[in-house]
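Values in this text are rule-based calculations from the coordinates and carry no lab data. What you see is a predicted model, and the numbers here were worked out from it, not measured in a lab. Heads up, the Cβs are rebuilt from the backbone with ideal geometry, glycines too, and the neighbour counts pull from every protein chain shown.
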Amino acid sequence: MTESAEAVAKRIPPLVIEPRHGWRDLGLAELWEYRELFFFFVWRDLKVRYKQTFFGASWAILQPVLLMAIFSVSVGRLPGVSPAGVPYPLFVLAGLVPWTLFAQSLAGASNSLVAEEAIITKVYFPRLLLPFAAVASFVLDFGLALAVLGVMMVIYGVTPGLSMLAIVPLTMLILTTAIGVGTFLAAVNVRYRDVRYVVPFLIQAWLFASPVIYTSGLIPEEWRTLFALNPITGAVEGFRWALLGGDRPSMLILVSAAAALVMLVTALLYFRRTERTFADII
Amino acid sequence: MGDVAVAASGLAKKYRIGLRRDPYGRLSETLWNGMTALFRRNRHDPQVSDFWALRDVAFEVPAGSAVGVIGRNGAGKSTLLKILSRITEPTLGRAEIHGRVGSLLEVGTGFHPELTGRENVYLSGAILGMRRTEIQRKFGEIVSFAGVDGFIDTPVKRYSSGMKVRLGFAVAAFLEPEILFVDEVLAVGDAEFQRKSLGKMSEIGQRGRTVMFVSHSMPAILRLCNRAILLDRGRVIADGSTAAVVRTYLESGLGRTSERVWEDPTDAPGDHVARLRAVRILPRDGSPPEEVDIRQPVDVQVEYWNHAEGLLRPSVNLHFFNDEGVCLFVTNDWNDRGWWGRPRRPGLVTATCRIPGNFLAEGRIIVTAVVSTYNPTMVHAMEHDAVAFNVVDRSTGDAVRGEYAHDWPGVVRPMLEWSVEYAPSPS
């Protein structure tokens with residue numbers, strides 16, 4: 001029996017282990033305690049992502065640029081897919097950059113728990129760190145893609161105004177949505193690996209359900225609020241407004257933000273509720 | 001002893017077995033079960049049953065003591081550590097832990113093969129609960145303990161398995177929690193490294209920290225622990241001084257056993273189709289199962305009460321493991337084609353499998369015995385680690401290793417046919 005052990009035992013309240021039932025709080029205080037591990041997970045994902053690839057981190061740029069090229073020569077030729085006066089390549093890239101952030105982080109988060117089966121069954125830490133870190137690790141890729149978008153804007157001679165600052169909260173909106181849907185799918189994936197097959201399909205469908213390669217102007221006025229329940233609608237239209245100008249889609253953004261928040265809270269609660277069985281069934 | 005570090009009362013853990021938890025599950029079987037589940041009227045599945053990995057476990061560990069947890073595989077040792085490490089929740093009961101907890105349930109937790117040794121030390125350290133500054137401070141010691149100095153900036157995927165294990169253990173060895181839970185991790189690595197890790201572990205114990213330590217190695221338990229808990233089928237059946245508990249374990253036949261006999265059918269593993277009666281090791285040359293000559297064949301015999309008739313054909317399969325838990329091979333009695341094709345009648349079945357001489361590697365061999373039927377696969381009777389025996393090489397020179405006296409790798413050691421030809425050099 002040493003002094004220090006005694007002192008410690010008095011200092012720290014005992015850790016109680018017992019079965020828990022029902023809903024639980026989000027455990028945000030504990031997440032904060034584990035912030036260092038969160039950064040380690042992000043760092044690892046970044047390190048590993050482009051290892052042993054020939055093009056390395058340029059993939060972060062190539063993906064949206066290649067998609068831009070494909071959509072420009074296909075969908076871009078249809079009349080009315082982008083608002084008058086905005087060149088389609090610029091229009092679609094301004095949508096693809098935030099979209100890629102969403103699509104990649106959603107896929108990463110959904111897979112994050114299953115991919116870490118080995119550590120989930122061997123060591124304790126707040127499991128939410130994994131989908132959170134998966135999402136965060138795509139922010140750097142997003143930054144690179146954003147720079148390319150900047151170059152494109154210069155080429156097309158578009159100078160954004162102060163509204164450009166809005167991309168910060170709009171990026172938060174995308175991350176919120178990705179974390180919401182991603183943590184939910186990650187938790188479901190632990191039990192039903194069907195998620196692995198659903199996610200690629202979901203992302204593809206979601207792309208076409210969002211005004212990424214076309215403008216929401218194509219949607220009839222009376223349906224637009226409903227359309228904005230998809231948070232990506234508000235985020236993408238907001239992005240275009242912030243960078244390329246036009247009317248501010250305030251209504252779309254507000255509805256989208258509200259929808260994203262509801263998704264996030266629901267998903268986190270669901271995750272926390274199912275979390276205790278992860279190690280048993282993963 | 002004043003303070004209590006760990007106190008548990010009434011701890012129990014229930015698993016659902018069958019379907020996904022079935023360690024012998026196959027993909028096709030899972031698909032079949034999944035498909036039939038869609039059409040099944042209620043969710044009750046006869047193949048899924050509850051399994052209590054732990055039942056009513058209670059104990060107290062005083063701060064500063066080292067407690068060994070022993071028992072056969074499947075006795076609940078690892079489940080207990082997983083509950084105390086908060087990896088899984090108990091189904092019932094409660095435990096209180098006073099102090100900062102670290103757990104080491106695996107060597108190299110969180111290692112990523114693409115990252116270098118250096119990067120993995122940081123990553124694994126962080127996952128095990130170390131602060132970055134703490135890892136930085138201990139980095140040099142960790143690397144030199146592992147003995148991988150020259151390779152620290154090489155991706156771990158290029159490491160030999162021994163190097164990986166050493167580095168993984170070294171990271172964990174420098175954890176400094178007040179309470180440490182350690183699962184069978186010393187059974188890896190070469191003999192010298194095992195000695196070194198054992199030394200490190202006892203050092204941890206001497207520094208006044210509390211250690212709970214799961215092991216199959218009685219010498220390690222005796223050396224490291226001042227107290228031991230014996231688990232069997234999820235219950236604590238002995239708790240006291242290490243020497244006394246280890247003796248109970250060995251004498252109860254839970255540890256050694258080259259022969260298991262269930263005289264009372266109600267107590268034997270099995271169900272309404274098949275129930276085990278005995279599993280035994282029979283070295284052909286009559287030598288004791290504790291020292292089977294590597295050159296001699298060994299029979300493994302399973303007796304079971306068969307209640308199946310006609311086309312429902314139970315068959316015995318044996319799973320052979322070494323003491324690192326590596327499955328060496330699996331064999332099934334349907335290789336006796338004559339028996340396999342025959343319709344079954346109720347009665348006592350004795351199935352004997354002969355393992356040839358010059359086939360197994362030296363060391364402890366642990367056998368799991370299973371009686372199953374197929375299409376769909378159903379396990380009727382299963383005894384994990386039913387029997388065990390030791391294979392020894394007396395260095396007679398005529399075994400596989402010949403006159404070579406050093407480490408001979410490989411999980412089996414078959415004597416193979418060689419033909420060597422010679423042509424004189426044209427000169």
(request) Could you check the simple spin-label distance between B:Glu421 and A:Ala205, using points 7 Å along Cα→Cβ, in nm with one decimal? (result) 6.5
(request) About the Cα centre of the protein assembly as shown, how large is the charge dipole given +1 on each Lys and Arg Cβ and -1 on each Asp and Glu Cβ? Please answer in debye to the nearest 20. (result) 1240
(request) With a 10 Å radius around each residue's Cβ, average the other Cβ atoms per peptide and rank A:32-40, A:79-87, highest first. (result) A:32-40, A:79-87
(message) Of the candidates A:Val73, A:Val135, A:Val65, which one comes out as most mobile in a Gaussian network treatment of chain A with C-alpha springs shorter than 10 Å?
(response) A:Val73
(message) Using the basic label-point model (7 angstrom from Cα toward the beta carbon), what is the A:Tyr197 to B:Arg345 distance in nanometres?
(response) 4.8
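Would you work out the charge dipole size for the stretch A:219-282 about its Cα centre, treating the Cβ of every Lys and Arg as +1 and the Cβ of every Asp and Glu as -1, and quote it to the nearest 20 debye?
Charge dipole of the stretch A:219-282: 200 debye, to the nearest 20.
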(message) Using Stokes-Einstein with the Kirkwood hydrodynamic radius over Cα pairs, what translational diffusion coefficient do you get for the protein assembly as shown at 4 °C and a viscosity of 1.567 mPa s, in µm²/s rounded to a whole number?
(response) 44
(request) For a footprinting-style exposure proxy, rank A:Ser74, B:Ser427 by other Cβ within 10 Å, fewest first. (result) B:Ser427, A:Ser74
(request) Beyond 26 Å between alpha-carbons counts as too far, so tell me which of A:Lys47/B:Lys82; A:Lys47/B:Lys196; A:Lys47/B:Lys138; B:Lys13/B:Lys157; B:Lys14/B:Lys196 fall in that bin. (result) A:Lys47/B:Lys82; A:Lys47/B:Lys196; B:Lys13/B:Lys157; B:Lys14/B:Lys196
(message) I want to verify a result. In a Gaussian network model of chain B, Cα cutoff 10 Å, which of these has the top mean-square fluctuation: B:Glu309, B:Glu106, B:Glu259?
(response) B:Glu309
(message) Spelling out what I want: for every residue of the stretch A:159-169, take phi, set θ = phi - 60°, compute 6.51 cos²θ - 1.76 cosθ + 1.60 (Karplus), and round to whole Hz; glycine and proline get x.
(response) 10, x, x, 4, 4, 3, 4, 5, 5, 5, x
(message) Output the 0 to 90 degree angle, nearest 10, between the alpha-carbon long axis of helix A:139-155 and the longest principal axis computed from the alpha carbons of chain A.
(response) 10
(request) Would you mind getting me the FRET efficiency between B:Arg364 and A:Ala69? Use the beta-carbon distance for r and R0 = 56 Å, nearest 0.05. (result) 0.35
(request) Considering only B:Gln136, B:Gln194, B:Gln301, give the residue with the highest GNM mean-square fluctuation for chain B, with springs between Cα atoms whenever their separation is below 10 Å. (result) B:Gln136
(message) Need one word for chain B: rounded, prolate or oblate. Basis is the Cα gyration tensor (sqrt eigenvalues a ≥ b ≥ c); a/c below 1.5 gives rounded, then a/b vs b/c decides.
(response) oblate
(request) Would you work out which of A:Leu67, A:Ile281, A:Gly157 lies farthest towards the positive end of the dipole of the stretch A:26-281? Charges go on Cβ: Lys and Arg +1, Asp and Glu -1. (result) A:Ile281
(request) Work out, step by step, the length gained on full extension between B:Tyr404 and B:Thr154: first 0.36 nm times the residue separation, then minus their alpha carbon distance; give nm to one decimal. (result) 86.7 nm
(request) Could you run the Karplus curve 6.51 cos²θ - 1.76 cosθ + 1.60 with θ = phi - 60° over the stretch A:113-124 and give me ³J(HN,Hα) per residue in whole Hz, x for Gly and Pro? (result) 6, 4, 5, 10, 3, 4, 7, 5, 8, 10, 8, 8
(message) How large is log10 of I(q)/I(0) for the stretch B:259-392 at q = 0.18, 0.19 Å⁻¹ when the intensity is taken from the Debye formula with one equal scatterer per alpha-carbon?
(response) -0.97, -1.06
(request) Could you give the size of the charge dipole of the stretch B:259-392 about its Cα centre, using +1 on the Cβ of each K and R and -1 on the Cβ of each D and E, expressed in debye and rounded to the nearest 20? (result) 700
(message) Just to confirm a number: summing +1 for Lys and Arg and -1 for Asp and Glu over residues other than A:Ala57 whose beta-carbon lies under 12 angstrom from that of A:Ala57, what do you get?
(response) +2
(message) Along the Cα→Cβ direction, 7 angstrom out, place labels at A:Val139 and A:Glu33. What is the inter-label distance in nm?
(response) 2.3
